[in-house]
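This report concerns only the one structure given below.
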Amino acid sequence: MTMAQFRIWVKTLDADKDGKISKDELSDAVRGNGGWFAGWKGKRGVKAADANGNGVIDDSEIDMLAAFAQKHLGWLPLARSITTTSSKP
Ligand SMILES: [Ca+2]
Ligand SMILES: [Ca+2]
């Protein structure tokens, strides 16, 4: 999944169509992917990605959510655009 595809996918999680991803919407996504502790991960994910502290994932925070998802949920939404620390193979 590329970053562009991840963004499109994240938009599909937006159940109430307010353009932002809440912890409940993220929890549903974790649950839908068969993840354990969906509620807890949803909360953690929003907290980790919520740069402006308004309690939801805004459009500009999707990159941060991708980093969290990759690190903690194993979703691997992108190959290289976020991991700047890893060296080339
Ligand atoms: Ca929403
Ligand atoms: Ca936010």
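Derivation of every value follows stated rules applied to the coordinates shown; laboratory data play no part. Keep in mind that this is a model prediction, so the values were computed, not measured. Neighbour counts run over all protein chains shown; Cβ positions are idealised from the backbone, glycine included.
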inquiry  = Skipping prolines and chain starts, which residues have an amide H placed within reach, meaning under 5 Å, of the one on Ile57, given they are 5 or more residues away or on another chain?
reply    = Ile21, Ser22
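On a full-extension model of 0.36 nm per residue, what is the gain between Ile8 and Asn33, subtracting their alpha-carbon distance, rounded to one decimal in nm? Show your work: numbers first, answer last.
Details: separation 25, 0.36 × 25 = 9.00 nm, distance 1.63 nm.
Extending this stretch completely gives an extra 7.4 nm.
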query = For the chain, with only Lys/Arg (+1) and Asp/Glu (-1) charged at the beta-carbon, what is the dipole magnitude about the Cα centre, in debye rounded to 20?
reply = 440
key: Cβ crowding within 10 Å averaged over residues, with 47-55, 17-25 ranked highest first   = 17-25, 47-55
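If I take R0 = 22 Å and measure r between the Cβ atoms of Ala15 and Leu76 in this structure, what FRET efficiency does the formula 1/(1 + (r/R0)^6) give, to the nearest 0.05?
Details: r = 24 Å, r/R0 = 1.08.
After rounding, the FRET efficiency stands at 0.40.
Given an 8 Å cut-off on Cα distances and at least 6 residues of separation, report the relative contact order of the chain as a percent. Before the final figure, lay out the partial values.
Working: 106 pairs, mean separation 25.1, N = 89.
Reported as a whole number, the value is 28 percent.
Ile62: net charge of surrounding residues, Cβ under 13 Å, Lys/Arg +1, Asp/Glu -1, itself excluded? Don't skip to the end; give the middle numbers.
Numbers: positive: Arg7, Lys11, Lys20; negative: Asp14, Glu25, Asp50, Asp58, Asp59, Glu61, Asp63.
Net local charge, Ile62 excluded: -4.
Taking the Cα centre of region 1-44 as the origin, how large is its charge dipole in debye, to the nearest 20, when only Lys and Arg (+1) and Asp and Glu (-1) carry charge on their Cβ atoms?
The calculated dipole for region 1-44 is roughly 200 debye.
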message = Limiting things to C-alpha atoms, what are the Rg and the maximum Cα-Cα separation (Dmax) for the chain, in angstroms?
response = 12.4, 42
key: Count of Lys pairs (Cα-Cα under 25 Å; at least 8 positions apart or interchain) in the chain   = 21
ask   = Can you give me the relative contact order of region 19-65 as a percent, contacts being Cα pairs under 8 Å and 6 or more apart?
value = 40
key: Per-residue HN-Hα couplings for region 32-39 [Karplus 6.51, -1.76, 1.60; θ = phi - 60°; Hz; x = Gly/Pro]   = x, 8, x, x, 7, 6, 4, x
